[in-house]
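Asks: Pasting in a structure now, in structure tokens, and then I'll have a few things to ask.
The values are calculated or read from the model by the stated rules, or taken from the named source; none is laboratory data. None of the values given here were measured: they were computed from a predicted structure. Note that each Cβ is placed from the backbone with ideal geometry, even for glycine, and that neighbours are counted across all protein chains shown.
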Amino acid sequence: MDDNLRELQSINIDLACDYDCANCERYFQCDLPQKASFGKRGFLPKAKKNLETVKRKIIVLGGKGGVGKSMLAVNLAAALYKRGKKVCVLDQNYDVPAVPLMMGVADQKMKVGPKGLIPVEAYPGFKVVSMGLVLDESQFIIWFHDSKRVATEEFLTYVEYGDVDYMVLDIPAGTSSETVNVLKLIPDMDGSVIITIPSEVSQNVAERAVFISRQANVPVIGVVENMSMFVCPECGEPAAILQSGGGEALAKRMGIDFLGSIPANVRVSTTLDQGTPFVLNEPELEASKTVLNVADIIIRRFET
């Protein structure tokens, strides 16, 4: 058989490969030689060089929408900041970027410097990068996979991050497109934190986030359960009006650490609406204690 025909059959019949590594959603299962060459060309080496000043990169995953990924990403970065670290939140949600509002910088814009975009500083040493800091508040965009991938490449390659101890990445719902883009373009991601709510539906989707972390060789730091209980705004007592224990069950089932629970509390949402992470201005909240504990676990893991 002609060698060219044999290769053609192998590609189209056995592997269904079109050599388009940048857009391949089977990238993490692939062991073909062109995957290795993909890592040495295009945006990957540029992104790697640009992120050399970022010491650690942590991604917050949850799979399902509405479980609190942005809330956890913002407050985890705030907790690390409170522990004296220089941090950056990288908002990868292009459809509805919520991080600028949660950080109180929605009225600001990233500026263009000599080497690219300059992040907005919410506090000295606390940087924010988001499409919401590029577009006007009244603007919205409808982007599909390719456009979002290119935007991710631009954010990783042409933003002046400077000296950062921890970058925390906020990812939108799902375990495809943006998630795959980021994990593909940051092959040295240091760890992932999985967030879920107690429902079984959310746990099932969160399992996929664990699987994709493992496929991408990203260590799973652990699971946080959000909305585990409801805290009465009048008396401050917890009430079991929702399910609880789902996060701990997921952690046990997947063989990973359970990092703690965040009760449903109106003060958690109001602080974010007001543009200040609750970790910074509501330290007595159980939510703040949980997220600070996660930050301490991360610091011990990477700095001792």
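Asks: Could you give me the residue pairs with C-beta distances under 7 Å whose first residue belongs to the range 261-281 and is under 15 Å from Leu101 (Cα atoms), whose second residue is modelled with pLDDT of 90 or more and of a type in the set (D, E, K, R) wherever it lies, and which are 6+ apart or on separate chains?
Replies: Taking only residues 6 or more apart or on different chains, the pairs are Thr271/Glu282.
Asks: Here's another thing I want to ask about it. Could you check how many residues of the range 112-123 are farther than 20 Å from Val150 by Cβ, modelled with pLDDT of 95 or more and either loosely packed, with under 14 Cβ neighbours inside 10 Å or not β-branched (Val, Ile, Thr) (or both)?
Replies: Number of matching residues: 3.
Asks: Given the criterion surrounded by 14 or more Cβ atoms within 10 Å (Cβ to Cβ) and more than 19 Å from Lys48 (Cα to Cα), identify the matching residue among Phe155, Phe144, Phe126.
Replies: Phe126
Asks: Within the range 44-68, take every residue that is modelled with pLDDT of 90 or more, touching a Phe, Trp or Tyr at 6+ places or on another chain (Cβ under 8 Å) and outside any strand (DSSP E or B) and give me the one that is nearest to Glu207 (Cα to Cα).
Replies: In this case the residue turns out to be Leu51.
Asks: Test each condition in (1) out of contact with any Asp or Glu (no Cβ under 7 Å at 6 or more places or on another chain); (2) among the charged types (D, E, K, R); (3) at pLDDT below 95 for Lys148 and report the one that comes out false.
Replies: Only one criterion in (1) out of contact with any Asp or Glu (no Cβ under 7 Å at 6 or more places or on another chain); (2) among the charged types (D, E, K, R); (3) at pLDDT below 95 is unmet by Lys148, namely (1).
Asks: Separate question: Select the strands (runs of 3 or more DSSP E) contained entirely in the range 80-137, then report the ones holding at least 1 residues which are over 16 Å from the mean Cα position of the chain (by Cα).
Replies: 111-113, 116-118, 120-123, 126-129
Conditions (1) modelled with pLDDT of 85 or more; (2) in a helix (DSSP H, G or I), marked per residue:
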{"position": "Val224", "(1), (2)": "yes, no"}
{"position": "Ser228", "(1), (2)": "no, no"}
{"position": "Ser261", "(1), (2)": "yes, no"}
{"position": "Leu292", "(1), (2)": "yes, yes"}
{"position": "Ile297", "(1), (2)": "yes, yes"}
{"position": "Phe302", "(1), (2)": "yes, yes"}
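Asks: Restricted to the range 1-43, and to residues that are charged (D, E, K, R) and over 18 Å from Lys184 (Cβ atoms), which residue is modelled with the lowest pLDDT?
Replies: Among them, the one singled out is Asp14.
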